[in-house]
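Structure record follows, encoded as structure tokens.
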Ligand SMILES: C[S@@+](CC[C@H](N)C(=O)[O-])C[C@H]1O[C@@H](n2cnc3c(N)ncnc32)[C@H](O)[C@@H]1O
């Protein structure tokens, strides 16, 4: 059994449950999973991908015909924060990544990841991203005390509750998601990160545009709280 499996088992012992909160144990387990993926790919430098369409951070939403990658249980497990992607240059036509970049640190992880995505995309290759939108969240708080975003969240997350807390707690949930989120974006900040990494023609779009371009993707129906952006690599 690997050292990392032993560490994960330790996190589930009664003692670990007594001394660490569920949230801390979950975050620690995720970091061990990242370490596992990173060690697994350590020597993988130029693997030929099984598809020219990359679905980055697929989670449970695997899409047929795409290379669905995530930290665990995907077609090809990797740690997006490792600073290097294990594929050769110019192999992918497109990348889609929904609600993933907010889990990474902007300067140390997202910009290096975007640089790598630019490298592995073909000239003129497309990147489509979505994440929680600072602009929509702040507007909702100031103008509607989060009522619209709360209502919008219910179909996707029926068990979500503020447990009697004021609506401002939803801001904490969106910005931090119990320690999982590191950076949120508005269009200006995400466009800055993409252009810094060498992408061009950065445009704000809607979920409908993503679904029109790639109808095989299941709808998230989260336009009211999400930022959708698309950019391309220089041709
Ligand atoms: C909120 S989920 C989104 C999943 C899916 N894209 C969707 O729209 O439902 C975030 C996903 O990003 C993955 N993720 C976050 N940080 C990661 C990292 N450093 N390396 C690999 N995967 C990561 C998580 O495992 C999770 O599946």
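The values are calculated or read from the model by the stated rules, or taken from the named source; none is laboratory data. Not measured: the values here are computed from a predicted model. Using ideal geometry, Cβ is built from the backbone for each residue, glycine included, and neighbour counts are taken over all protein chains shown.
A few points about this structure:
- Qualifying residues in region 187-201 (those that are surrounded by fewer than 18 Cβ atoms within 10 Å (Cβ to Cβ) and on the phi < 0 side of the Ramachandran plot) - the one farthest from the ligand (Cβ to nearest atom): 200
- Considering the conditions (1) assigned to a loop (DSSP other than H, G, I, E, B); (2) in contact with a helix residue (DSSP H, G or I) (Cβ under 9 Å, 6 or more places away or on another chain); (3) in contact (Cβ under 8 Å) with a residue 40 or more places away in the chain, residue 90 is excluded by exactly one of them, (3).
- Scanning region 144-174 for residues that are in contact (Cβ under 8 Å) with a residue 60 or more places away in the chain and over 21 Å from residue 103 (Cα atoms) yields a total of 3.
- Positions within region 194-213 being in contact (Cβ under 8 Å) with a residue 40 or more places away in the chain and farther than 12 Å from residue 129 by Cα, in sequence order: 196, 197, 198, 199, 213
- Residue check, residue 227 part of a helix (DSSP H, G or I) and crowded, with 17+ Cβ neighbours inside 10 Å: no
- Test: residue in region 62-69 that is near the ligand (Cβ under 8 Å from one of its atoms) and within 15 Å of residue 34 (Cβ to Cβ): yes
- Condition met for residue 186 (in the same structural domain as residue 62 (by TED's automatic domain parsing) and in contact with a helix residue (DSSP H, G or I) (Cβ under 9 Å, 6 or more places away or on another chain)): yes
- Filtering region 36-61 to residues that are more than 15 Å from the ligand (Cβ to nearest atom) and surrounded by 13 or more Cβ atoms within 10 Å (Cβ to Cβ) leaves 47, 49, 51, 52.
- Residue within region 107-130 that is within 18 Å of the chain's Cα centre (by Cα), loosely packed, with under 13 Cβ neighbours inside 10 Å, at pLDDT 95 or above and away from the ligand (no atom under 14 Å from the Cβ) present: yes
- Residues being within 16 Å of the chain's Cα centre (by Cα) and part of a strand (DSSP E or B) - total across region 32-79: 6
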